[in-house]
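Sharing a structure, written as structure tokens. Questions coming.
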Amino acid sequence: MSNDVISGSMKTLRRFIGTWRGTGNGGFPTIDTFTYDEEIVFTSNDIEPLIRYEQRTWDTTNRADPKEPLHWEVGFLRPTEAGFIEISNAQNSGRVEVLRGQFTPIEKARSCNLASRRHCSRER
């Protein structure tokens, strides 16, 4: 594994370190649309070449209970050879994923394009 590739990828991934919050709406064919709050926290121990994250969402559709939990996952972003990023996570539903994708940072922005494919997981 090339230290230069890992070092460059980690420099880019460190842009995400911090706490990010937002709101959104969602829907699936089998349920009513809903609104939610979301929070994702990225951290690093500055020793290993990886970023830890924790992502949570809360249903805000029902204002009587405005913080009903929807989804919770924790995992790691890890640079791999040839500029790929591997994302491993465990979710509160019991689902575990390992995803790998090409990471393309957008210059001077705290965002990126990550085209991923299922690395090893069952179909939903």
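Answer yes or no as to whether T35 is over 19 Å from N89 (Cβ atoms) and touching a Ser or Thr at 6+ places or on another chain (Cβ under 7 Å).
The answer is yes for T35.
Assess whether D46 counts as being at negative phi and not small (G, A, S).
The answer is no for D46.
Do we have E73 as closer than 27 Å to D32 by Cα, at pLDDT 70 or above and among the acidic types (D, E) here?
Criteria met by E73.
Now a separate question. Within the bounds of the range 95-108, is there any residue that is at pLDDT below 90, of a type in the set (G, A, S) and over 15 Å from the mean Cα position of the chain (by Cα)?
No, every residue in the range 95-108 fails to be at pLDDT below 90, of a type in the set (G, A, S) and over 15 Å from the mean Cα position of the chain (by Cα).
The values are calculated or read from the model by the stated rules, or taken from the named source; none is laboratory data. All values reported here derive from a predicted model rather than from experimental measurement. No Cβ is skipped: glycine too gets one built from the backbone with ideal geometry, and neighbour counts run over all protein chains shown.
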